[in-house]
Amino acid sequence: MTILLFRLDPYIREVDATVTRAEDSFVVLDRTCFFPQGGGQAGDTGEISGSKIVNTLSDGEEVRHITEGTAPFTSGQLVHGAIDWQRRYRMMRLHSASHIVYYVMQEVFGERCKPASSGMMDDVKDRSDYLFDEPLDRGKLAMVEDRVNHLIASGMPITHSLEPGSEERLLWAVTPFPPMACGGTHVRNTAEIGRVSLKRGSKPGKGRERIELTLA
Ligand SMILES: [Zn+2]
């Protein structure tokens, strides 16, 4: 089992660790700060002791750091890993913003406007699909963008903590919204996000609309 350092401190960029398993195309460590692809968030990239890491995936309780070529590691080896922090930090900002968008979408479009999937996010944009029973009103989408940017600029602290009574589930929270269960990586304060833009993406299917979120 790999210790997941990003769960309670997503700002950890580097790690000293021991190789617990080495295969041709990936390496597993006893602890990691690399976020594995999941919940719509792309896996981290970076470098482990001179080898380029092109993706991070999870398989059960194991986190696999995918190497560019053959992984030159042996079990028991001490290694140093560093994530591509610029890329990850952009994802932390986008991911945090996407939660605020989620709440404001329901304020502006009504409670029936629920997420239709877990979304897809990399360091360039977040794409989230919402249930819509009428055509998307672009004026209202502009209202969502304004309100989201206003909330972000107010510099609210973002907290994440274990759900009471649970050893596993993490709760994400920012005032004035109720907490949400999420194991992804977030920034500590909305002010770190900066301005964002929202636009309507290509229609993902009947009764749905795709909203694309980018850092402005
Ligand atoms: Zn989240």
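Taken together, the values in this text are just the output of simple stated rules run on the coordinates, not laboratory data. Owing to the predicted nature of the structure, the values given are computational and were not obtained by experimental measurement. For neighbour counting, all protein chains shown are included, and Cβ atoms are generated from backbone atoms with ideal geometry for every residue, glycine included.
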Q) Can you work out the base-10 log of I(q)/I(0) for the chain at q = 0.07, 0.11 1/Å, using the Debye formula on its C-alpha atoms alone? A) -0.24, -0.57
Q. From the backbone phi of region 131-138, what are the Karplus-calculated ³J(HN,Hα) couplings (6.51 cos²θ - 1.76 cosθ + 1.60, θ = phi - 60°) in whole Hz, Gly and Pro given as x?
A. 6, 9, 9, 8, x, 5, 8, 5
Q | region 140-216 shape via C-alpha gyration tensor axes, a/c threshold 1.5 | A | oblate
Q) Which is the longest stretch in the chain that no exposed loop site breaks, taking sites as trypsin sites (Lys or Arg not before Pro) with a DSSP loop state and at most 13 other Cβ atoms within 10 Å? A) 1-111
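For L8, L94, what ranking results if the residue with the fewest other Cβ atoms within 10 Å of its Cβ goes first? Write down the numbers at each step before the final one.
Working: L8 11, L94 23.
Placing the least packed residue first, the sequence is L8, L94.
Quick check: net charge around D84, other residues with Cβ under 15 Å of its Cβ, Lys/Arg +1 and Asp/Glu -1?
Details: positive: R13, K52, R87, R88, R90, R93; negative: E14, D44, E47, E68, D122, D123.
With Lys, Arg at +1 and Asp, Glu at -1, the net is 0.
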(Q) From the phi angles alone, apply the Karplus equation (6.51, -1.76, 1.60; θ = phi - 60°) to region 189-204 and give each ³J(HN,Hα) in whole Hz, x where the residue is Gly or Pro. (A) 9, 4, 4, 5, 5, x, 6, 10, 10, 10, 9, 6, x, 5, 5, x
**Q.** Ascending count of other beta-carbon atoms within 10 Å, so fewest first, for V79, V54, V144, V27
**A.** V54, V79, V144, V27
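Taking other Cβ within 10 Å of each residue's Cβ, how do W172, W85 sort, fewest first? Mind showing how you got there, number by number?
Numbers: W172 19, W85 15.
Going from sparsest to densest Cβ surroundings: W85, W172.
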Q | Net charge over other residues, Cβ less than 13 angstrom from the Cβ of I211 (K, R count +1; D, E count -1) | A | +4
Q. Relative contact order, percent, of the chain when contacts are C-alpha pairs under 8 Å separated by at least 6 residues?
A. 18 percent
Q: Round to the nearest 10 and give me the degree value, 0 to 90, for the angle of helix 85-109's Cα axis relative to the longest principal axis of the chain.
A: 30 degrees
(Q) For region 122-170 and region 196-215, what is the centre-to-centre distance using only Cα atoms, to the nearest Å? (A) 13 Å
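Of the GluC sites (Glu not before Pro) in region 62-129, which ones lie in a loop per DSSP and count no more than 15 other C-beta atoms within 10 Å?
Numbers: sites: E62, E68, E107, E111; in loops: E68, E111.
Qualifying residues, ordered by number: E68, E111.
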